[in-house]
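Everything on this sheet refers to the single structure shown next.
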Amino acid sequence: MAFVSVFDLFKVGVGPSSSHTVGPMRAALDFVARLGPARNRVRKVRVTLFGSLAHTGLGHHTDRAIFWGLSGIEPESFTQAKAEAVLERLYREHRLDVGEPGAEDRVSISFHPGEDLRFDREREIRVHPNEVLFEAFDADGTVLSSRTYFSVGGGFIATDDELASKVMASIEENVPHPFKSAEELLAMAARHEMSIADVMRANELTVRTDEELRAGLQKIWAVMQDCIERGLHTPGLLPGGLRVRRRAKELGETLQQQGHLARTSAMDWVHVWAMAVNEENAAGGQVVTAPTNGAAGIVPAVLMYYHRHASEPNRAPQRATEEFLLTATAVGMLFKRNASISGAEVGCQGEVGAAASMAAAGLTAVWGGTNAQIENAAEMAIEHSLGLTCDPIGGLVQVPCIERNGFGAAKAISAARLAMLGDGSHRVSLDRAIETMRQTGVDMSAKYKETAQGGLAVTYVEC
């Protein structure tokens with residue numbers, strides 16, 4: 001059974017989209033890495049985008065992500081300076097340096113974006129709506145390597161063979177507490193008298209030390225906090241042509257002023273924190289996929305709400321952060337394994353809906369909820385997100401995505417509060433809700449799944 005780590009679901013990435021930016025960047029990096037000794041013979045690379053990547057790739061910076069990945073820039077080490085240097089040379093000289101910076105086998109090739117990067121919007125979807133084909137040629141035009149990748153949500157990628165065999169790009173390990181469903185997770189946790197976070201911690205410790213785990217979780221939280229802070233202090237217009245104005249800075253300043261008059265509330269801050277993250281994401285900044293970029297603001301906003309407004313007095317802050325993220329990961333694994341976290345596959349219910357469910361579970365856990373209450377909170381959050389479409393205006397992760405993160409965070413908190421008022425018993429299980437989400441995604445028209453061909457994306461009229 002494939003073990004999905006907390007660091008698989010919570011990854012440091014680049015905006016604006018985990019499926020359309022981070023995934024293609026990772027695919028390009030993987031393609032170059034698999035070239036091996038043949039890399040020195042590469043003289044031309046051709047990339048073809050299909051499905052949702054072709055329809056909304058320009059709005060999501062898929063083209064840039066591929067250029068960066070081919071040039072060896074990784075999401076974790078991404079900086080605007082390195083990224084701009086690649087783009088500046090590419091468009092000035094029509095050249096790319098393929099491979100890891102500083103590597104002996106790095107090769108400089110001619111690359112014309114208008115010719116060597118193709119957007120095939122006509123071919124029907126084969127296996128998955130986020131498909132990209134990489135081809136490398138030698139000086140004689142002979143194909144050295146041809147590989148197809150699918151960006152399957154949350155920055156995860158899979159090749160043709162991996163997708164066909166349902167083996168995703170995640171860690172394969174024998175863990176002490178494997179589970180495929182919430183029902184199995186609850187039963188196993190009860191049998192061993194463990195919390196959901198304890199189950200996840202035990203599994204993580206098969207591949208890393210406790211010190212590494214704790215340091216990694218604190219780093220994830222630090223990046224989330226940095227992202228909130230940047231969003232709260234950066235004004236201006238977001239890129240892309242819609243002329244959407246950043247509002248988190250102005251709203252945050254208004255809340256600070258109102259706070260002195262006791263007119264502001266914690267929930268107001270939750271909305272602003274979530275929007276701050278997703279404005280950073282829309283601007284192409286560094287965020288944490290949680291579990292996707294389009295929904296990256298929900299988990300940080302809810303965790304910040306806990307620390308700033310609703311923490312338990314006898315619970316150490318660092319341990320609470322770890323418990324929150326580990327519990328949220330357990331729920332996120334269930335969505336990824338049994339349905340999808342890709343807006344192009346199931347709509348925004350798989351992004352904002354899954355993130356709200358994860359955040360609700362994490363918050364219930366750090367409030368001292370039982371495993372049954374945690375499962376109940378997660379179920380309520382996704383149950384009331386079912387059918388949520390992905391219809392970004394202009395193909396940009398701006399409208400309605402930024403505000404939607406605020407509402408998703410508020411929904412997560414409401415679900416946790418309701419769950420804590422009960423004993424965890426309820427009619428619809430989390431497993432059934434996730435399966436319903438999957439079936440809804442299957443039935444949903446493709447024009448409502450990140451193609452910008454339906455919903456708000458076409459009914460919006462610029463005044």
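The values are calculated or read from the model by the stated rules, or taken from the named source; none is laboratory data. Nothing here was measured: the structure is a model prediction, and the numbers come from that model. Quick reminder, even Gly has a Cβ in these numbers, built from the backbone with ideal geometry, and neighbours come from all protein chains shown. To get the accessible areas, we keep the full protein, side chains included, count just its heavy atoms, and leave off ligands, DNA and RNA. Shrake-Rupley method; radii C 1.70, N 1.55, O 1.52, S 1.80 Å.
Points worth noting:
- Any chance T327 is within 17 Å of A416 (Cβ to Cβ) and surrounded by 24 or more Cβ atoms within 10 Å (Cβ to Cβ): yes
- For region 188-219, the set of residues classified as of a type in the set (A, V, I, L, M) and within 11 Å of N371 (Cβ to Cβ) consists of M188, A189, A190, M194, I196, A197, V199, listed by residue number.
- Taken over region 327-356, the criterion of being over 16 Å from H384 (Cβ atoms), within 14 Å of the chain's Cα centre (by Cα) and not hydrophobic (A, V, I, L, M, F, W, C) is satisfied by T329, G332, K336, S340, S342, G343, E345.
- Against the numbered list (1) at pLDDT 95 or above; (2) open to solvent by 10 Å² or more (accessible area, probe 1.4 Å); (3) within 21 Å of the chain's Cα centre (by Cα); (4) farther than 19 Å from V270 by Cα, R404 comes up short only at (4).
- Test for L456: is it without any contact (Cβ under 8 Å) to a residue 12 or more places away in the chain and open to solvent by 60 Å² or more (accessible area, probe 1.4 Å): no
- Applying the set (1) polar (S, T, N, Q); (2) open to solvent by less than 10 Å² (accessible area, probe 1.4 Å); (3) under 14 Å from the mean Cα position of the chain (by Cα) to Q286 leaves exactly one unmet item: (2).
- Residue satisfying all of: in region 1-27; in a helix (DSSP H, G or I) and open to solvent by 10 Å² or more (accessible area, probe 1.4 Å); modelled with the lowest pLDDT among these: D8
- Conditions (1) open to solvent by less than 20 Å² (accessible area, probe 1.4 Å); (2) out of contact with any strand residue (DSSP E or B) (no Cβ under 8 Å at 6 or more places or on another chain); (3) part of a helix (DSSP H, G or I); (4) farther than 23 Å from D210 by Cα; number of the one not met by R308: (1)
- M194 being under 14 Å from T327 (Cβ atoms), open to solvent by 30 Å² or more (accessible area, probe 1.4 Å) and either modelled with pLDDT under 95 or aliphatic (A, V, I, L, M) (or both): yes
- Residue in region 28-43 that is out of contact with any Lys or Arg (no Cβ under 6 Å at 6 or more places or on another chain), of a type in the set (F, W, Y) and either surrounded by 16 or more Cβ atoms within 10 Å (Cβ to Cβ) or over 21 Å from E115 (Cα atoms) (or both) present: no
- Listed conditions (1) closer than 30 Å to G347 by Cα; (2) open to solvent by less than 70 Å² (accessible area, probe 1.4 Å); (3) touching a strand residue (DSSP E or B) at 6+ places or on another chain (Cβ under 6 Å); (4) not aromatic (F, W, Y) are all met by P129, apart from (3).
- Residue within region 102-109 that is open to solvent by 20 Å² or more (accessible area, probe 1.4 Å), of a type in the set (S, T, Y) and touching a Leu at 6+ places or on another chain (Cβ under 9 Å) present: yes
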